[in-house]
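Q: Mind having a look at this structure? Questions to follow.
Computed from the coordinates by the stated procedures, all read-outs in this text should not be read as laboratory data. What you are looking at is a predicted structure, and each value in this text was computed from that prediction instead of being measured. Cβ placement follows ideal geometry from the backbone for every residue including glycine, while neighbour counts extend to all protein chains displayed.
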Amino acid sequence: MIPLIQKEVVENKKWMDAREFIDMLAMAQSAPGVIAINTAIFIGYKMKGLKGSLVTTLGSALPSFIIILAVAMVFTNFRDNVVVEKIFRGIRPAVVALIAAPLYKMARSAGVTWKTVFIPILAVLLIWLAGVSPIWIVLAAIAGGIIYGALHARNLSKSI
Amino acid sequence: MEAEIYIQLFLSFFKIGLFGFGGGYAIISLIQHEIEVHGWMTQSEFTDIIAISQMTPGPIGINSATYVGYTASGTVLGSIVATFAIVLPSFLIMLTLVRFFFALQGNKYLEWAFLGLRPAVIGLIGAAAILLMNRDNFIDYKSFIIFLLAFLLSFTGKFHPILLILMAGVAGFVIY
């Protein structure tokens, strides 16, 4: 969805330049929540303040909402259909593969090294085997990162 | 109580919107947990939503909220509540970030927080994948063959997710 937004906002409408868009995208990606929605909120706010962001949020969420609502209404009736069930028996393992396949590349680009690989592994084990809520993992990761950063900074200043 | 389901949907999806760092696949893990805790749907039903999300244009977070909101409550209002609830934290956070953008740029605490967050998000996605490898989704050896083929084809990066899902759907129709 991001390339589409970029084309519309930067090239077609010229609401912001490419550099501005990239800075904004960095912010939208580091904030929690749906990235496309975060992007829409930012662009709307920049153009027309609070009202603008309300409009862009609604505009970017509405098509998904309508499509999925229609699917939910129809699909719940067809789910037990023999043909639909056969098709989804094939699709389900493929969906799991689609989630698992990019993990290695994502880990590389997230800067995961042999020193830090224990963090995702620990997160997986806690969620998978101990049933820990991912929210606790997120909070622990933030706290852990800040504690590590603070200790590291102190060591750095000592060595200087 | 009638109103209870709406309150639960609101709180669950508000939490998902508030703590769902990393977008897309990372959010799956949080939604999965809420669905499991509240017993809103089976894991295979949730897998179907992810498949439908891949084939329709919108973001997975919005799609899941709309779908779960409808099926959990049986009403359109449930859809609206869940979708509104997942967007609301984004709204509050982005509007704050916009105002303090320059003050926050290069803020050391934010940078440190992401030292932990970035690798943890990989773990969230890994956990989501492992939890979906269950008996509902992997019913026999044929499921594992489809998984392996889809994994390899996806790993090469040459196949669009929609194409892979369609191929798996055709395979499912033929072999089951």
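Q: On the basis of being acidic (Asp, Glu) and either crowded, with 19+ Cβ neighbours inside 10 Å or within 13 Å of the chain's Cα centre (by Cα) (or both), does residue B:4 make the cut? Working first, answer last.
A: Working: acidic (Asp, Glu): yes; either crowded, with 19+ Cβ neighbours inside 10 Å or within 13 Å of the chain's Cα centre (by Cα) (or both): no.
For residue B:4, the condition - acidic (Asp, Glu) and either crowded, with 19+ Cβ neighbours inside 10 Å or within 13 Å of the chain's Cα centre (by Cα) (or both) - is not met.
Q: Follow-up question, since we're still on this one. Hey, residue B:139 hits all of (1) in contact with a helix residue (DSSP H, G or I) (Cβ under 6 Å, 6 or more places away or on another chain); (2) within 23 Å of residue B:32 (Cα to Cα); (3) of a type in the set (A, V, I, L, M) but one; which does it fall short on?
A: So the condition that residue B:139 fails would be (1).
Q: Follow-up question, since we're still on this one. Can you find a residue in the stretch A:84-92 that is buried (at least 19 other Cβ atoms within 10 Å of the Cβ), at the interface with chain B (Cβ under 7 Å from one of its Cβ atoms) and farther than 20 Å from residue B:174 by Cβ?
A: The answer is no, given that none of the residues of the stretch A:84-92 is buried (at least 19 other Cβ atoms within 10 Å of the Cβ), at the interface with chain B (Cβ under 7 Å from one of its Cβ atoms) and farther than 20 Å from residue B:174 by Cβ.
Q: What number of residues within the stretch B:32-58 satisfy the criterion of being assigned to a helix (DSSP H, G or I) and over 21 Å from residue A:60 (Cα atoms)? So that I can check it myself, show each step before the final result.
A: Initial filter on the stretch B:32-58 (assigned to a helix (DSSP H, G or I)): B:32-38, B:43-55.
Subsequent filtering for residues that are over 21 Å from residue A:60 (Cα atoms) retains B:32-38, B:43-48.
Total meeting the criteria: 13.
Q: Could you list, in sequence order, all residues of the stretch B:82-120 that are of a type in the set (D, E, K, R) and farther than 30 Å from residue A:154 by Cβ? Write out each step before concluding.
A: As a first pass, look at the stretch B:82-120 and keep what is of a type in the set (D, E, K, R): B:99, B:108, B:111, B:118.
Correct list: B:99 only.
Q: So which residues in the stretch B:59-118 are within 28 Å of residue B:46 (Cα to Cα), without any contact (Cβ under 8 Å) to a residue 12 or more places away in the chain and outside any helix (DSSP H, G or I), if there are any at all?
A: The answer is B:74, B:75.
Q: Name every residue in the stretch B:1-31 that is assigned to a helix (DSSP H, G or I) and at the interface with chain A (Cβ under 8 Å from one of its Cβ atoms), in order of residue number.
A: Our first condition is that a residue be assigned to a helix (DSSP H, G or I); within the stretch B:1-31, this holds for B:4-19, B:24-31.
Of everything in the stretch B:1-31, those that are assigned to a helix (DSSP H, G or I) and at the interface with chain A (Cβ under 8 Å from one of its Cβ atoms) turn out to be B:15, B:17, B:18, B:19, B:24, B:25, B:27, B:28, B:29, B:30.
Q: Which condition breaks for residue B:113 when tested against (1) closer than 30 Å to residue A:92 by Cβ; (2) within 7 Å of chain A (Cβ to nearest Cβ)?
A: Against the list (1) closer than 30 Å to residue A:92 by Cβ; (2) within 7 Å of chain A (Cβ to nearest Cβ), residue B:113 comes up short only on (1).
Q: Could you look through the stretch B:145-156, keep only residues that are more than 7 Å from every other protein chain (Cβ to nearest Cβ) and farther than 13 Å from residue A:99 by Cα, and pick out the one that is surrounded by the fewest Cβ atoms within 10 Å (Cβ to Cβ)? I'd like the intermediate steps shown before the answer.
A: So in the stretch B:145-156, the residues more than 7 Å from every other protein chain (Cβ to nearest Cβ) come out as B:145, B:148-149, B:152-153, B:156.
From what is left, the residues that are farther than 13 Å from residue A:99 by Cα are B:145, B:149, B:156.
Values: B:145: 13, B:149: 17, B:156: 8.
Only one residue fits best here, namely B:156.
Q: Please pick out the residue among A:99, A:142, A:146 that is within 30 Å of residue B:174 (Cα to Cα), in contact with a helix residue (DSSP H, G or I) (Cβ under 6 Å, 6 or more places away or on another chain) and not basic (Lys, Arg). Show your work before the answer.
A: Numbers: A:142 fails: within 30 Å of residue B:174 (Cα to Cα); A:146 fails: within 30 Å of residue B:174 (Cα to Cα).
Of the residues listed, the single one that is within 30 Å of residue B:174 (Cα to Cα), in contact with a helix residue (DSSP H, G or I) (Cβ under 6 Å, 6 or more places away or on another chain) and not basic (Lys, Arg) is A:99.
Q: Another question about this same structure. Could you list all residues from the stretch A:72-115 that are basic (Lys, Arg) and either touching a strand residue (DSSP E or B) at 6+ places or on another chain (Cβ under 6 Å) or part of a loop (DSSP other than H, G, I, E, B) (or both)? Let's see the steps before the verdict.
A: Just the residues of the stretch A:72-115 that are basic (Lys, Arg), to begin with: A:79, A:86, A:89, A:92, A:105, A:108, A:115.
Of everything in the stretch A:72-115, those that are basic (Lys, Arg) and either touching a strand residue (DSSP E or B) at 6+ places or on another chain (Cβ under 6 Å) or part of a loop (DSSP other than H, G, I, E, B) (or both) turn out to be A:79, A:115.
Q: Have a look at A:140, A:123 and point out the one that is among the hydrophobic types (A, V, I, L, M, F, W, C), surrounded by 15 or more Cβ atoms within 10 Å (Cβ to Cβ) and at the interface with chain B (Cβ under 7 Å from one of its Cβ atoms).
A: Working: A:140 fails: at the interface with chain B (Cβ under 7 Å from one of its Cβ atoms).
Step by step, each of A:140, A:123 is checked, and only A:123 is among the hydrophobic types (A, V, I, L, M, F, W, C), surrounded by 15 or more Cβ atoms within 10 Å (Cβ to Cβ) and at the interface with chain B (Cβ under 7 Å from one of its Cβ atoms).
Q: Here's another thing I want to ask about it. The conditions are (1) buried (at least 20 other Cβ atoms within 10 Å of the Cβ); (2) closer than 25 Å to residue A:141 by Cα, and residue B:58 fails exactly one of them. Which is it?
A: The number of the failed condition is (2).
Q: Identify all residues within the stretch B:119-144 that are at the interface with chain A (Cβ under 7 Å from one of its Cβ atoms), part of a loop (DSSP other than H, G, I, E, B) and either of a type in the set (S, T, N, Q) or surrounded by 16 or more Cβ atoms within 10 Å (Cβ to Cβ) (or both); write none if there are none.
A: Matches in the stretch B:119-144: B:133, B:137, B:138.
Q: While we're here: Would you check if there is a residue in the stretch A:24-41 being more than 28 Å from residue A:134 (Cβ to Cβ) and surrounded by 14 or more Cβ atoms within 10 Å (Cβ to Cβ)? Break it down stepwise before answering.
A: Of the stretch A:24-41, the ones more than 28 Å from residue A:134 (Cβ to Cβ) are none.
So far as the stretch A:24-41 goes, no, none of its residues is more than 28 Å from residue A:134 (Cβ to Cβ) and surrounded by 14 or more Cβ atoms within 10 Å (Cβ to Cβ).
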